[in-house]
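Asker: One structure coming up, written as structure tokens, with questions to follow.
The values are calculated or read from the model by the stated rules, or taken from the named source; none is laboratory data. Computed from a predicted structure; not experimentally measured. Ideal geometry is used to build each Cβ from the backbone, glycine not excepted, and the neighbour counts take in all protein chains shown. Please note that ligands, DNA and RNA were not included when accessible areas were found on the heavy atoms of the full protein model with its side chains. Shrake-Rupley method; radii C 1.70, N 1.55, O 1.52, S 1.80 Å.
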Amino acid sequence: MALTYETVDVFTETAFGGNPLAVVFGGEHLSTGAMQTIAREFNFPETTFVLPPADPANTAKVRIFTPGVELPFAGHPNVGTATVLARRGNVFGKPVGDTVAFEEAIGLVGLEIVRESGAAVGAVLTAPTLPTVEGTFDPSAVAAAVGLADSAIILARHAPAHVVIGATFVIAEVADLDALAAARSDEGLIAKHLGKPAPDEIYLYTRLDAGDGTLHIRSRMFAPGLGIPEDPATGGAAVAIAGLFVKLMDGDLDLTIEQGVEMGRPSRLDVRILRNGPDTRITVAGRRVPMMRGELVA
């Protein structure tokens, strides 16, 4: 069976912005090692493989790979894959409607397709589970791990937090845009100061006051241990920071995240925290731009 693929830029409305994703079809016969090799060849932050679902009531089974490892869950691969399928119109002999359900290692992941004039332009991801906040990290160690002075880490609202949603995150607030720009991704420093195994991803952010009632932040994400020195848009981290804010704030929250600016690939992620009594739901919405399609011939 021929392996075909499409690529999209996710969390952007501009070509060559956002986070690139490769979506591969026809890989039912591939081993895990072969999928990992193909993901390494694309060398995008993530590559997905769309496979027949175990339950025919679901849309597809989706496996997600960075250049280095397989992930149980991630945000931009889900948003991108959902919109690719919606644009195709059918998968495994079934039409793709306004909702999709993907079987993933973390569990069942649901998304709503965003359409304009009938065309799929984006998707809204509902987190399959709430993140867990499992403690804190030493602020000095986090600062040293990304090449910053201790004073760059802001502690007024929270210490650097250990948050888990599939991957493990360190989430730290930094003083300003200059501090954010000065941070660097260095696998050796991360291992030295945060231990082995180090957390999968380090997520730094600073607040931007837009004065419109929505919380705006600018962020950067480093995951060199996963084969991603820096990520231009990280939906899983958006879920993770929303889970942290659930612990820190009351009520619903709209959160806008700018990411990838320092990389020249600006991205936008729109996050919502919706509380209904004891139940809380986190959604992440984003647009996508179709980029390439082709066939793997090797």
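Asker: For the chain, would you read off the P(r) tail past 34 Å as a percentage of all alpha carbon pairs?
Answerer: So the pairs more than 34 Å apart make up 17 percent of the total in the chain.
Asker: Tally the DSSP beta bridges in the chain and give the antiparallel ones as a percent, rounded to 5.
Answerer: 80
Asker: Go ahead and set up a Gaussian network model of the chain, Cα springs under 10 Å, then flag whichever of R265, R157, R40 fluctuates most.
Answerer: With Cα springs under 10 Å in the chain, the top fluctuation among R265, R157, R40 is at R157.
Asker: Quick one, can you get me the convex hull of the C-alpha atoms of segment 30-80 expressed as volume per residue in Å³?
Answerer: 78
Asker: Here's another thing I want to ask about it. What per residue convex hull volume, in Å³, do the alpha-carbon atoms of segment 230-298 yield?
Answerer: Values: hull volume 10.0 nm³, N = 69.
Looking at segment 230-298, the number lands at 146 Å³ per residue.
Asker: Quick one, what does Rg over Rh come out to for segment 102-224 if you take C-alpha atoms and the Kirkwood Rh?
Answerer: 1.04
Asker: Subtract the Cα-Cα distance of E116 and L296 from 0.36 nm times their separation in residues, and report this length gain in nm to one decimal. Could the numbers behind the result be given before it?
Answerer: Details: separation 180, 0.36 × 180 = 64.80 nm, distance 3.13 nm.
Extra length available between E116 and L296 comes to 61.7 nm.
Asker: Between G235, V271, T256, whose Cα lies farthest towards the positive end of the dipole of segment 206-282 when Lys and Arg beta carbons carry +1 and Asp and Glu beta carbons carry -1, centred on the Cα centre?
Answerer: Of G235, V271, T256, it is G235.
Asker: Shifting gears a bit: In Å², what does the accessible area per residue of the chain work out to with a 1.4 Å probe?
Answerer: 41
Asker: Determine the gain in length on full extension of the stretch L130-R207; use 0.36 nm per residue of separation and subtract their C-alpha separation, reporting nm with one decimal.
Answerer: Working: separation 77, 0.36 × 77 = 27.72 nm, distance 2.28 nm.
Answer, rounded to one decimal: 25.4 nm.
Asker: Taking θ = phi - 60°, what integer Hz values does the Karplus form 6.51 cos²θ - 1.76 cosθ + 1.60 yield along segment 68-73, in sequence order, with x for Gly and Pro?
Answerer: x, 8, 8, 10, x, 6
Asker: At 1.306 mPa s and 10 °C, plugging the Kirkwood radius over alpha-carbon pairs of segment 160-238 into Stokes-Einstein gives what diffusion coefficient in µm²/s? Before the final figure, lay out each step's value.
Answerer: On the way: Rh = 13.2 Å.
Result for D is 121 µm²/s.
Asker: Could you work out the percent of alpha carbon pairs in segment 13-140 separated by over 24 Å, rounded to a whole number?
Answerer: Percent of Cα pairs beyond 24 Å in segment 13-140: 31.
Asker: Next question. Pop a pseudo-label 7 angstrom from the Cα along the beta-carbon direction at both D186 and D138 and give the gap in nm to one decimal.
Answerer: Going by the 7 Å Cα→Cβ label model, 1.7 nm.
Asker: How much of the accessible area of segment 227-298, probe 1.4 Å, is carbon plus sulfur, in whole percent?
Answerer: Taking all protein chains in place, segment 227-298 shows 50 percent carbon and sulfur surface.
Asker: Here's something else I'd like to know. For segment 63-108, state the average projected area of the convex hull of the C-alpha atoms over all orientations, rounded to one decimal in nm².
Answerer: Quarter of the Cα hull surface area: 3.5 nm².
Asker: Run the dipole for segment 1-99 about the Cα centre, Lys and Arg Cβ at +1, Asp and Glu Cβ at -1, nothing else charged, and hand back the magnitude in debye, nearest 20. Please list the in-between numbers first.
Answerer: Details: 6 positive and 9 negative charges, 35 e Å.
The dipole magnitude comes to about 160 debye.
Asker: Ordered by packing density, taken as the mean number of other Cβ atoms within 10 Å over each peptide's residues, highest first, how do 57-63, 118-124 rank?
Answerer: Numbers: 57-63: 20.0, 118-124: 17.9.
Ranking the peptides 57-63, 118-124 by packing returns 57-63, 118-124.
Asker: Points 7 angstrom from Cα along the Cβ direction at T32 and T14: gap in nanometres?
Answerer: 4.0
Asker: In addition: Looking at segment 1-88 from every direction and averaging, what is the projected area of its Cα convex hull in nm²?
Answerer: Working: hull surface 23.4 nm².
About 5.9 nm², averaged over all directions.
Asker: Could I ask something else about it? Helix 32-42 versus the longest principal axis of the chain: what angle, 0 to 90°, nearest 10, using Cα atoms?
Answerer: 70
Asker: Once the dipole of the chain is set up with Lys and Arg at +1 and Asp and Glu at -1 on Cβ about the Cα centre, which of A223, G195, V50 lies farthest towards its positive end?
Answerer: Result: V50, furthest along the dipole toward the positive end.
Asker: Further question on the same structure: Against the empirical 2.2 N^0.38 Å scaling, what ratio does the C-alpha Rg of segment 144-193 come to?
Answerer: 1.17
Asker: Place a point 7 Å from the Cα of M263 along the Cα-to-Cβ direction; which residues of segment 177-203 have their backbone N under 11 Å from it?
Answerer: none
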